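Visitor: Quick one: the structure is below, questions incoming.
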Amino acid sequence: MKADVYDLVIKNGLIVNADVSFYADVAIKDGKIVALGSFFRAAQEIDAKGLYLLPGGIDIHTHLEMPFMSTFSSDNFESGSKAAAMGGTTTVVDYAMQEKGDSLSAALKKWHEKAANKCHIDYGFHLGLTDIDENILTELESLTQEGVSTVKLFMAYNNALRCPDIKLLEVFNALKKLQILSMLHCENGDIIEYLSKKLVNDGNTAPIYHSVAHTAECEAESINRAAIYSKIFDLPIYIVHLSSKEGLQVIYDHFKRGVRIFTETCPQYLILDDSLYNKEFLEASKYVMSPPLRGKDSIEALWKALACGMINVVATDHCPFFLKQKELGKDDFTKIPNGAPGIETRLVLIFSEGVRKGRITKEQFVKCCCLNPAKLAGLYPSKGAVAPNFDADLVLFDPNKKWQIMKSHLHENVDYTPYEGIQVTGAVVDVLLRGQWLVREGSFVGGKITGNYLRRTKVI
Ligand code: DUC
Ligand code: ZN
Ligand code: ZN
């Protein structure tokens, strides 16, 4: 090859992939990684000495501009993708939610309109199924042509998002034929409804009672049911946002019997514990999410499961609400919009709390934040690794920088971060999306850049 054939060469960085880490220069042309090695020459060369070169982060669980609990999540695709990029995430797969009465194509159209020409990073959609009839079951067949290879089903949120079990079985039957992966919100909606009503009737209306109503048993029981359905149809399932050691034990039990379960958890369940609900309303409401935070024993169990590969993915369930929105539930915890921000802090938190604290290796960090999400969302082999023929989505990461997470430093469109004050080691320096700079030396420079809609391939 001629000496200056490449657009960009990144020199001297330590490439960290999910299997192995090694020093090599990265040559980029037309938005792709074209070679790893040394002695490359290019129009532009940058020195990454002392930095890690990671594949761009892939967050396959976000809720941007989602209508939910009488309000909307406060990040749209513009603000949310900017925050994601600042945190080293270059791809999101968001939940396109079917509203009651909507066809699947109508739901997808709404989400395309929200994202097109606004999202600064590449994006795809899972379809959130909330209103299922014969027409919808037939329409599922068209999803893969639209680039959608995953659907979400809620086993909780009675009278709202929940898919009743009888319909869940009908959907599983259709998904089996279509080879579409289902992503399941596992909590027992009836137990939650029963306990919530009882608690509120007894005057127990504070945020802490959200965690009482959403017991770990609700999660475990619902995972068990989903796993049994999975077994009946011989259909793999993906459990979203696992929060508890009880739920983990059920997954392990089914795993041993050969049920194919993929599991995701989120930074909040790996780092924050349920003592945070013991605070006054506004402080405690920041952590009202479903499922809720658990005890420290669950936190340690989840880290161990991540380290041994039982948990495959760390995503965020980014679903921010301003404190003003949380006030909707001032007198009744069941009215507090469920969700918390996290799209910007995922990589640094998992690196700092995971790798730097010796719970996982840096390669496992890349596996759960980049490679496995790419594989399970049907984005592999263009995303998820620093290797020839992959998109040049790259994060230059300083593994030694120490800083303190503060809302004032973040870009999420919300007035708090659940991680305020946490000291971390590790920082995103530069971020490239298909060879273009989104972030340079810690500043956002991707104002004019918009991401591509990703047509995802089948994963099962
Ligand atoms: N859980 C949340 O906390 N927010 C959005 C949806 C969900 O399942
Ligand atoms: Zn959920
Ligand atoms: Zn979610």
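The values are calculated or read from the model by the stated rules, or taken from the named source; none is laboratory data. Model, not experiment: these values are computed from the prediction. Please note: Cβ atoms are built from the backbone with ideal geometry, for glycine as well, and neighbour counts cover all protein chains shown. What goes into the accessible areas is simple: the full protein's heavy atoms, side chains included, and nothing from ligands, DNA or RNA. Shrake-Rupley method; radii C 1.70, N 1.55, O 1.52, S 1.80 Å.
Visitor: Filter region 264-275 down to the residues that are closer than 17 Å to residue 373 by Cα and in a helix (DSSP H, G or I) and list them by number. Please lay out each step first, then the result.
Guide: The first filter runs over region 264-275 and keeps only residues closer than 17 Å to residue 373 by Cα, leaving 264-267.
Of everything in region 264-275, just one residue is closer than 17 Å to residue 373 by Cα and in a helix (DSSP H, G or I), namely 267.
Visitor: When you go through (1) of a type outside the set (Asp, Glu); (2) within 16 Å of ligand 1 (Cβ to nearest atom); (3) over 24 Å from residue 193 (Cα atoms) one by one for residue 252, which number turns out not to apply?
Guide: Residue 252 satisfies all of (1) of a type outside the set (Asp, Glu); (2) within 16 Å of ligand 1 (Cβ to nearest atom); (3) over 24 Å from residue 193 (Cα atoms) except (2).
Visitor: If residue 217 meets every condition in (1) surrounded by 16 or more Cβ atoms within 10 Å (Cβ to Cβ); (2) more than 25 Å from residue 126 (Cβ to Cβ) apart from one, which number is that one?
Guide: (1)
Visitor: Of all residues in region 406-439, how many are assigned to a strand (DSSP E or B) and within 15 Å of residue 121 (Cα to Cα)?
Guide: Qualifying residue count, region 406-439: 8.
Visitor: For region 372-405, which residues satisfy the criterion of being in a helix (DSSP H, G or I) and surrounded by fewer than 23 Cβ atoms within 10 Å (Cβ to Cβ)?
Guide: 375
Visitor: Mind checking which residues of region 149-162 are within 12 Å of ligand 2 (Cβ to nearest atom) and either open to solvent by less than 30 Å² (accessible area, probe 1.4 Å) or touching a Lys or Arg at 6+ places or on another chain (Cβ under 7 Å) (or both)?
Guide: Matches in region 149-162: 152, 153, 154, 155, 156, 161.
Visitor: Can you run down the residue pairs with Cβ atoms below 6 Å, 6 or more apart or on separate chains, where the first is in region 431-456 and in contact (Cβ under 8 Å) with a residue 12 or more places away in the chain and open to solvent by less than 70 Å² (accessible area, probe 1.4 Å) and the partner is aromatic (Phe, Trp, Tyr) and not in a loop (DSSP other than H, G, I, E, B)?
Guide: Pairs that qualify, where the first residue is in contact (Cβ under 8 Å) with a residue 12 or more places away in the chain and open to solvent by less than 70 Å² (accessible area, probe 1.4 Å) and the partner is aromatic (Phe, Trp, Tyr) and not in a loop (DSSP other than H, G, I, E, B), are 451/123.
Visitor: Checking residue 178 against (1) open to solvent by 30 Å² or more (accessible area, probe 1.4 Å); (2) among the hydrophobic types (A, V, I, L, M, F, W, C); (3) over 20 Å from residue 378 (Cα atoms): exactly one of these is not met. Which one?
Guide: (3)
Visitor: Within region 318-352, can you find the residues that are out of contact with any helix residue (DSSP H, G or I) (no Cβ under 8 Å at 6 or more places or on another chain) and part of a helix (DSSP H, G or I)?
Guide: Once the filter is applied, which keeps residues that are out of contact with any helix residue (DSSP H, G or I) (no Cβ under 8 Å at 6 or more places or on another chain) and part of a helix (DSSP H, G or I), region 318-352 yields 324, 325, 348, 352.
Visitor: While we're looking at this one, here's another question. Give me the pairs: first residue in region 60-77 and free of Cβ contacts under 8 Å to residues at least 12 places away in the same chain, second residue within 12 Å of ligand 1 (Cβ to nearest atom), beta-carbon distance under 8 Å, and six or more apart or on different chains, which are they?
Guide: Once the first residue is free of Cβ contacts under 8 Å to residues at least 12 places away in the same chain and sits in region 60-77, its partners that are within 12 Å of ligand 1 (Cβ to nearest atom) give 72/66.
Visitor: Has region 58-77 got any residue that is within 16 Å of residue 444 (Cα to Cα), among the small types (Gly, Ala, Ser) and away from ligand 3 (no atom under 12 Å from the Cβ)?
Guide: no
Visitor: Working only within region 127-148, note down all residues that are surrounded by 20 or more Cβ atoms within 10 Å (Cβ to Cβ) and touching a residue at least 60 places away in the same chain (Cβ under 8 Å).
Guide: Passing the criteria: only 148.
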